[in-house]
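> Mind having a look at this structure? Questions to follow.
The values are calculated or read from the model by the stated rules, or taken from the named source; none is laboratory data. Quick caveat, the model's predicted, so the values are computed rather than measured. Neighbour counts are summed over all protein chains in view; Cβ atoms, including those assigned to glycine, are modelled from backbone coordinates with ideal geometry. Just so you know, the surface numbers come from the protein's heavy atoms only, side chains and all, with ligands and any DNA or RNA stripped out. Shrake-Rupley method; radii C 1.70, N 1.55, O 1.52, S 1.80 Å.
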Amino acid sequence: MKLVIYSNTQLRPDSTSTYFIKAFKKLLGESNVTHVQTVSGLTEYKDRADFYLKIDDGQEWQRWDKTLHPSGYYLIDT
């Protein structure tokens, strides 16, 4: 299974998403998990993953691409 995780960790390198990324890499293997931090990086992987996951990073200007399927959006307390 190929997974693309979209979250910006530049502002907060200790964000919750870093734990998700590490856990998924351990479960699925390093080569099956890709972390992208920009919308352009995300569109580069369009149609190349089995699942897309957006993890809330508190930056409202980063909108989710609704055409990515299947996908999930994990909202945290930010």
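> Roughly how many percent of the accessible protein surface of the chain is carbon and sulfur, given a 1.4 Å probe and a whole-percent answer?
Details: 2740 of 5150 Å².
Accessible surface attributable to carbon and sulfur in the chain totals 53 percent.
> Whole number in Å², please: accessible area per residue of the chain, 1.4 Å probe, ligands, DNA and RNA not counted. Walk me through the intermediate numbers first.
On the way: 5150 Å² over 78 residues.
The answer is 66 Å² per residue.
> Can you compute the label reach from Thr18? Point 7 Å from Cα along the Cβ direction, backbone N cut-off under 17 Å, restricted to region 41-72.
Flagged as within label range: 55-59.
> For Asp50 paired with Thr9, estimate the spin-label separation in nm (one decimal), with each label point 7 Å from Cα along the Cα-to-Cβ line.
Placing both labels 7 Å along Cα→Cβ, they lie 2.2 nm apart.
> Please report Rg (one decimal) and Dmax (integer) in Å for the Cα set of the chain.
Just the Cα atoms of the chain yield Rg and Dmax of 11.6, 31 Å.
> Okay, next question. From the residues Thr43, Ile21, Met1, which one has its Cα farthest along the dipole of the chain in the positive direction, the dipole being from +1 and -1 charges on Cβ of Lys/Arg and Asp/Glu about the Cα centre?
Sorting the options by dipole projection puts first Met1.
> Rounded, prolate or oblate, given the Cα gyration tensor of region 34-74, with a/c below 1.5 counting as rounded? Provide the component values of the computation, followed by the final result.
Working: a/c = 1.75, a/b = 1.38, b/c = 1.26.
Because a/c hits 1.5 or more and a/b exceeds b/c, region 34-74 counts as prolate.
> Magnitude of the Cβ-charge dipole of the chain, K/R +1 and D/E -1, about the Cα centre, nearest 20 debye?
Values: 10 positive and 10 negative charges, 41 e Å.
In debye, rounded to 20, the chain gives about 200.
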